[in-house]
Amino acid sequence: MNVLTPGKPSLDSLQTDALVVGLTGSGDDLTVVSATPLPEPTVEFLKRAARSLRASSKVATVTRIAGPAGIEAATVVLVGLGDEEPTTTTLRRAAGAATRALAGHQSAVIALPHGGASDLAAIAQGALSGTYTFTAHKTKRDKDEDQPVDLDLSVISEVEDAPGIVARAEVLSRAVNWARDLVNTPPNVLYPQSFADEVERVVEGSSASIALRVLDDSELIEGGFGGIVGVGQGSARPPRIVAMEYAPEGAKSKIALVGKGITFDTGGVCIKPAGSMTTMKSDMGGAAAVAATVLAAAELELPVAVTSYLCLAENMPGSNAQRPGDVVTMRKGTTVEVINTDAEGRMVLADGMTLAVEDGAETIIDVATLTGAAMVALGPKIYAVMANDEALSEQILAAAKASDEPAWPMPLPEELRDGLKSEVADLTHMGERWGGALTAGLFLKEFATTTDGEPIPWAHLDIAGPAFNEAGPAGDLPKGGTGVAVASLVALLEAKGAEQ
């Protein structure tokens, strides 16, 4: 993405396929707004055209018209910015909707009005997000499915360090789009070993300095990783744990990101209804998010050490699948009674968290499409945050807000802990029906400790709702995998790096 300074070149000599400007007001009071002044005759023409076409200024609503005299652009995109002062969320959504509407165009200039660095970052990220599409398995595409995959984008801005802001947006967008690609990949193509292979391919092709370590099924069995081995034993495709380590010189703290990577979840022998399985290729969204976060952190050369642990397994009802009533011994040594084989995510995460502790992690954040209960509580667009450390929870929530990724704090009520008591093992892996998202968090909390039992700062991000968008594209978000949590985690790591 290029950065253009207002007036260089001026809009009356700017040659581009499309120009994106904002639209505010309503009815006869529609106003065209831009990052740089447009010729007055051009503004009047656009306002008349907008009224004639009954254009709307509703946020992210797009109206396309032929480029008028005074602008060397084949198309002008009027995108709604609402009736109030645009926020970063408004600008992000509008920029994404605008670029998504530019199928068939080769170049576009984004001239949305904005103030400071956060506004520019939102515009750049939204515009880049709007160009995302996943067509890896399409041999033929309908015209109405075309999206501007190779759109040459420029943004007009006079914000200080605009090139640096846009460069960061490009790194972050590549990482988010990789997470989306992983989530959207069919489960017969993406399974534990092929996921590990894909991570290796991307790391090798990146300028980032990332060390990889892959534990295969024999190493997991020998190492006593009973949680992930148990979940994966019903599949012909055995589990893996992939560690991606970014350790810049001089970093003073070690942060671990642990991601749930169930590449397909049938529910195991406690099999899901068929309708509940249609989106279960997305049950590895947590692993995708933490993999993409480490990639972005390394490419941005953030001064913080971070390792992601991708806990990869397929939850299938094969002849060797685990059963309700089984007792498994986790990597930590804790014995766990399996109650429902469809509550598998916490089992793979717990083993990954233990490995992170052994590797010296000082802070642990797990990310998972973990519970339907979180969606019942917060809906499909907000992710839940639970933590044993209030400061860490507040930092994550602040990073999520700055990244326009809605998140909400949830409690870990001690009175629900009794629901995890087992008569035959140290723990059951789930409690009563009520508060299911919270008891899942309480289970994971048991594994956020040192070998001496001292708590380690830990947070749990339940992204079950926003990880996969089943509805149509909206604003800057595509249908399917969204890459949620990547932006929040990168912002968190940047804040952590600034503290050092």
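Some observations on this one:
- Only one entry in ILE221, ILE156, ILE241 is in contact with a Leu (Cβ under 6 Å, 6 or more places away or on another chain) and farther than 19 Å from ALA292 by Cβ, namely ILE156.
- Test: residue in segment 36-52 that is outside any helix (DSSP H, G or I) and at pLDDT 90 or above: no
- Test for GLY259: is it closer than 23 Å to GLU362 by Cα, in contact with a helix residue (DSSP H, G or I) (Cβ under 7 Å, 6 or more places away or on another chain) and assigned to a helix (DSSP H, G or I): no
- Considering segment 353-372, and only residues there that are crowded, with 24+ Cβ neighbours inside 10 Å and among the small types (Gly, Ala, Ser), the residue that is nearest to the chain's Cα centre (by Cα) turns out to be ALA368.
- Residues that are over 17 Å from ALA402 (Cβ atoms) and crowded, with 20+ Cβ neighbours inside 10 Å within segment 481-500 comprise GLY481, THR482, listed in sequence order.
- Within segment 53-79, residues that are touching a residue at least 40 places away in the same chain (Cβ under 8 Å) have Cβ atoms under 7 Å from residues that are among the acidic types (Asp, Glu) and outside any loop (DSSP other than H, G, I, E, B) in these pairs: ALA73/ASP17; ALA74/ASP17; THR75/ASP17, counting only partners at least 6 apart in sequence or on another chain.
- If the condition is being in contact (Cβ under 8 Å) with a residue 24 or more places away in the chain, part of a helix (DSSP H, G or I) and surrounded by fewer than 18 Cβ atoms within 10 Å (Cβ to Cβ), then segment 158-170 contributes PRO163, GLU170.
- Extreme residue, surrounded by the fewest Cβ atoms within 10 Å (Cβ to Cβ), among residues of segment 55-97 that are under 11 Å from THR24 (Cβ atoms) and among the β-branched types (Val, Ile, Thr): VAL59
- From GLY250, GLY224, GLY230, residue being in the same structural domain as LEU312 (by TED's automatic domain parsing) and assigned to a helix (DSSP H, G or I): GLY230
- In this structure, GLY285 does not qualify as surrounded by fewer than 24 Cβ atoms within 10 Å (Cβ to Cβ) and under 22 Å from HIS429 (Cβ atoms).
- Subset of segment 301-341 (residues that are among the polar types (S, T, N, Q), crowded, with 17+ Cβ neighbours inside 10 Å and part of a strand (DSSP E or B)): THR307, SER308, ASN315, THR329
- Evaluating VAL484 against the criteria (1) in a helix (DSSP H, G or I); (2) among the aliphatic types (A, V, I, L, M); (3) at pLDDT 95 or above leaves one unmet condition, (1).
- Considering residues of segment 244-279 that are surrounded by fewer than 21 Cβ atoms within 10 Å (Cβ to Cβ) and of a type in the set (A, V, I, L, M, F, W, C) only, the residue farthest from MET353 (Cα to Cα): ALA274
- Test result for ALA485, within 29 Å of LEU81 (Cβ to Cβ) and either within 14 Å of the chain's Cα centre (by Cα) or not assigned by TED's automatic domain parsing to the domain that holds THR87 (or both): yes
- Residue satisfying all of: in segment 393-414; among the hydrophobic types (A, V, I, L, M, F, W, C) and over 28 Å from SER129 (Cα atoms); surrounded by the most Cβ atoms within 10 Å (Cβ to Cβ) among these: MET410
- Residue match in segment 192-205 (condition: buried (at least 20 other Cβ atoms within 10 Å of the Cβ), assigned to a helix (DSSP H, G or I) and assigned by TED's automatic domain parsing to the domain that holds VAL62): no
- Residues satisfying the stated conditions in segment 101-113, i.e. surrounded by 24 or more Cβ atoms within 10 Å (Cβ to Cβ) and either touching a His at 6+ places or on another chain (Cβ under 7 Å) or over 16 Å from ASN2 (Cα atoms) (or both): LEU102
- Residue tally, condition aliphatic (A, V, I, L, M) and assigned to a helix (DSSP H, G or I), over segment 95-144: 11
To keep it simple, each residue is scored yes or no on (1) within 20 Å of THR16 (Cα to Cα); (2) touching a residue at least 60 places away in the same chain (Cβ under 8 Å); (3) among the β-branched types (Val, Ile, Thr).
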residue	(1), (2), (3)
ARG93	no, yes, no
ALA108	yes, yes, no
ILE123	yes, no, yes
GLY126	yes, yes, no
THR131	yes, no, yes
ALA136	no, no, no
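The values are calculated or read from the model by the stated rules, or taken from the named source; none is laboratory data. Here the structure is a predicted model, which means the values were calculated and not measured. Don't worry about glycine lacking a Cβ; one is built from the backbone with ideal geometry, like all the others, and counts go over all protein chains shown.
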